[in-house]
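Everything on this sheet refers to the single structure shown next.
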Amino acid sequence: MASTLVIACGALARELRDIVAVNQLDFVNIEYLPAKLHNTPKDITAAVAARIERARGRYERVFVGYADCGTGGELDRLLAKEGIERLPGAHCNAFYATIPVFEAIQAAEPGTFYLTDYLVRCLDHIVIRGLGFDSDRELRDAYFSNYRRVMHLAQLDDPLLEQAGRDAARRLDLDYERTLVGYGDLETAIVGLRST
């Protein structure tokens with residue numbers, strides 16, 4: 001029986017499934033919230049709170065598979081009250097790359113739009129259509145006007161994903177760069193649930 005619940009962003013589903021399987025973390029159960037919550041980050045905290053409430057008495061431990069993700073500290077306030085930990089950093093780019101590596105990448109070019117493998121797969125659904133860029137070219141141009149490059153923080157060394165990342169950068173009229181970061185602090189945090 002699973003003794004630990006991870007309440008996670010749906011954008012992490014493949015990666016979390018792989019981490020749990022490879023590391024034989026059979027005590028972990030994962031419940032996913034819709035990845036599209038990132039388009040309305042003010043809704044993340046309430047969604048996590050509802051899942052925490054549902055988990056009461058069913059699990060020995062709850063862990064949250066989100067960074068701050070644009071909640072402006074609201075998620076941290078909830079989790080402090082509940083005594084629950086979450087993934088490190090402000091967003092998935094930071095915990096995938098690890099915070100020091102991400103900070104170095106960002107310092108080298110502040111005008112960077114980041115892609116993870118998930119976002120490469122779902123760019124059209126989450127960003128282009130999700131934010132209305134497909135029907136409003138001026139909105140898209142305004143949103144990306146200060147970006148200079150796309151940085152694909154790759155979890156997998158997959159030529160198809162790399163090509164999709166290049167295609168995404170071309171659609172956004174940005175230079176493309178790729179860094180293979182793997183699972184970074186996501187894996188460290190989830191595997192670390194074993195020892196706590």
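The values are calculated or read from the model by the stated rules, or taken from the named source; none is laboratory data. Worth saying up front: this structure is predicted, and the values here are computed from it rather than measured. When we count neighbours, we look across all protein chains shown, and the Cβ atoms used for this are built from the backbone with ideal geometry, even at glycine.
Brief remarks on what is shown
- Of everything listed in (1) in contact with a strand residue (DSSP E or B) (Cβ under 8 Å, 6 or more places away or on another chain); (2) over 20 Å from VAL20 (Cα atoms), the single unmet condition for ASP117 is (2).
- Every test in (1) surrounded by fewer than 17 Cβ atoms within 10 Å (Cβ to Cβ); (2) in contact (Cβ under 8 Å) with a residue 60 or more places away in the chain; (3) under 19 Å from GLU109 (Cβ atoms) is passed by VAL191 save one, and that test is (3).
- Filtered residue count, region 9-58, keeping only those that are of a type outside the set (Val, Ile, Thr) and in contact with an Asp or Glu (Cβ under 7 Å, 6 or more places away or on another chain): 2
- Per-region count, region 1-49, residues assigned to a helix (DSSP H, G or I), among the charged types (D, E, K, R) and either in contact with a helix residue (DSSP H, G or I) (Cβ under 9 Å, 6 or more places away or on another chain) or surrounded by 14 or more Cβ atoms within 10 Å (Cβ to Cβ) (or both): 6
- One residue from ASP124, ASP167 being outside the structural domain of ASN23 (by TED's automatic domain parsing), free of Cβ contacts under 8 Å to residues at least 40 places away in the same chain and more than 20 Å from ARG14 (Cα to Cα): ASP167
- Scanning region 76-111 for residues that are crowded, with 19+ Cβ neighbours inside 10 Å and not in a helix (DSSP H, G or I) returns ARG86, LEU87, GLY89.
- Total residues in region 118-166, condition within 16 Å of ASN39 (Cβ to Cβ), acidic (Asp, Glu) and crowded, with 17+ Cβ neighbours inside 10 Å: 0
- Yes/no for TYR66 being surrounded by 13 or more Cβ atoms within 10 Å (Cβ to Cβ), under 22 Å from LYS36 (Cα atoms), assigned by TED's automatic domain parsing to the domain that holds ASP26 and not basic (Lys, Arg): yes
- Going through (1) over 19 Å from the mean Cα position of the chain (by Cα); (2) surrounded by fewer than 14 Cβ atoms within 10 Å (Cβ to Cβ) one by one, ILE52 falls short only on (2).
- Scanning region 116-161 for residues that are more than 18 Å from the chain's Cα centre (by Cα), assigned to a helix (DSSP H, G or I) and at pLDDT 95 or above yields a total of 2.
- Scanning region 178-188 for residues that are crowded, with 19+ Cβ neighbours inside 10 Å and not in a helix (DSSP H, G or I) yields VAL181, TYR183.
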